[in-house]
Each structure stands twice: as C-alpha cells, then as structure tokens.
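Asks: Structure provided below as structure tokens; questions to follow.
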Amino acid sequence: MASRNYVIDSKAQVIYANVASLTEKQLKAIKNYIALGYQLKEKVKTTDEKMKKENVVAFLNANGTKEQIDKFNDIMNEPVIDKETKQPKLLKDGTPKKKGYVAALQYFKKQFPKY
C-alpha cells in the first residue's frame, strides 16, 4: 500500500510515519508491522529556513547586483508558455500563469552556489 503518511524500511525494520495524519486503516496496518517487530519513528518534515522566499530576497537585495535582482524578478514574473500552442497559460481569472519562486530559486542557486 502506497501512502504519503508513512514509509516502511524493510531492511532496517523501521516505519517512518506522520502519526498525526494517519487514517484508521493506515494505523491498523502500522500496528501489524509493529507486532512483527518493526519500530515506529516520527517522520519530521523540515524546512530549510534560509531558502524561504523572504530570506532569499533579503540576501539578494543585500548582496546581489542590480542585474541579478532584475533577472531574479523577471524569472519570477515570466509567464508559463504552453508547449503545444506556444501561448501563455492562463489562470481561471484570465491572467497569465507565472513561473514564480521555484524557477527563480534555480537561477539564484546558480548565481550564489555557496549560499
């Protein structure tokens, strides 16, 4: 059974689970594994604080050149182009969909690899 709430490592006999979001069916399955000798460990979701948008933009404003800042903002606001029609993809309200922070973060990582 594939689940995003838990992962089973058969070699180490460990179950990594997000216990708070388990369903009754998933909890029952995990209890069966525990009865077989598996250990349950909490799956902790970590966020990299320095890669959050606010921190990256602040670092770029402090250490980047005007060209780097402009390029970062241009990539964030660049519209997504449909591969078949070669036209910008539109949101439900009719505005063009933008590439956003994830695309701009790739550019940032190339410009500042040691960040």
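Asks: Looking at residue 111 and the list (1) exposed (fewer than 12 other Cβ atoms within 10 Å of the Cβ); (2) at pLDDT below 90; (3) not charged (D, E, K, R), which single condition is not satisfied?
Replies: The failed condition is (1).
Asks: Look at residue 64 and say whether it is more than 30 Å from residue 4 (Cβ to Cβ), surrounded by 12 or more Cβ atoms within 10 Å (Cβ to Cβ) and not aliphatic (A, V, I, L, M).
Replies: When the stated conditions are applied, residue 64 passes them.
Asks: Let me ask you something else. Scanning for something of a type outside the set (Ser, Thr, Tyr), loosely packed, with under 14 Cβ neighbours inside 10 Å and assigned to a helix (DSSP H, G or I), does the range 78-98 turn up at least one residue?
Replies: no
Asks: Could you list all residues from the range 32-50 that are at pLDDT below 90 and loosely packed, with under 13 Cβ neighbours inside 10 Å?
Replies: 42, 44, 45, 46, 47, 48, 49, 50
Asks: Name every residue in the range 51-72 that is of a type outside the set (Lys, Arg), farther than 11 Å from residue 101 by Cβ and assigned to a helix (DSSP H, G or I), in order of residue number.
Replies: Within the range 51-72, 55, 58, 59, 60, 61, 62, 63, 67, 68, 69, 70 meet the criteria.
Asks: Taking residue 34 as the residue in question, decide whether it is of a type in the set (Val, Ile, Thr), in contact with a Phe, Trp or Tyr (Cβ under 6 Å, 6 or more places away or on another chain) and part of a helix (DSSP H, G or I).
Replies: Taking the combined requirement at face value, the residue does not satisfy it.
Asks: Let me ask you something else. Have a look at 53, 71 and point out the one that is within 30 Å of residue 4 (Cα to Cα), surrounded by 11 or more Cβ atoms within 10 Å (Cβ to Cβ) and basic (Lys, Arg).
Replies: It is 53.
The values are calculated or read from the model by the stated rules, or taken from the named source; none is laboratory data. Everything numeric here is computed off the predicted structure, so don't read it as measured data. Methodologically, a virtual Cβ is constructed for each residue, glycine included, from the backbone with ideal geometry; neighbour enumeration extends over all protein chains shown.
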